[in-house]
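Right, one structure below, let's go through it.
No lab work stands behind these numbers, since they all come straight from the coordinates. Just so we're clear, the structure is a prediction, and the values are computed from it rather than from any experiment. We place every Cβ from the backbone using ideal geometry, glycine too, and count neighbours over all the protein chains shown.
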Amino acid sequence: MKDLIRAFQIFLKYSDTIYPTHCEHDYLFVDVHPDKVSEEDKIELEKLGFFVDQEYDGDGFGSFRFGSC
């Protein structure tokens, strides 16, 4: 749980939209454009289970670790 919370604390630095997530079977998408996120934070997000996703569901971040719905 703390990894998910830490990841969302990082995402909050770059966006505070009303509906920032989209979930499909085994996949969580976070609508934060990767160009806004520092390289340091991208590395940290990858350690926490998120990856830059520009193909699957648009420009943002995805996670199969936290995407079970």
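Below are the figures for this structure:
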{"read-out": "Of all residues making up the range 47-58, the number that are surrounded by fewer than 16 Cβ atoms within 10 Å (Cβ to Cβ), of a type outside the set (K, R) and more than 18 Å from S15 (Cα to Cα)", "value": "2"}
{"read-out": "Conditions (1) in contact with a Leu (Cβ under 8 Å, 6 or more places away or on another chain); (2) on the phi > 0 side of the Ramachandran plot: number failed by R6", "value": "(2)"}
{"read-out": "Of the criteria (1) more than 18 Å from K2 (Cβ to Cβ); (2) surrounded by 13 or more Cβ atoms within 10 Å (Cβ to Cβ); (3) in contact with a strand residue (DSSP E or B) (Cβ under 8 Å, 6 or more places away or on another chain), which one Y14 fails", "value": "(3)"}
{"read-out": "Residue match in the range 18-41 (condition: under 12 Å from the mean Cα position of the chain (by Cα), loosely packed, with under 12 Cβ neighbours inside 10 Å and free of Cβ contacts under 8 Å to residues at least 40 places away in the same chain)", "value": "no"}
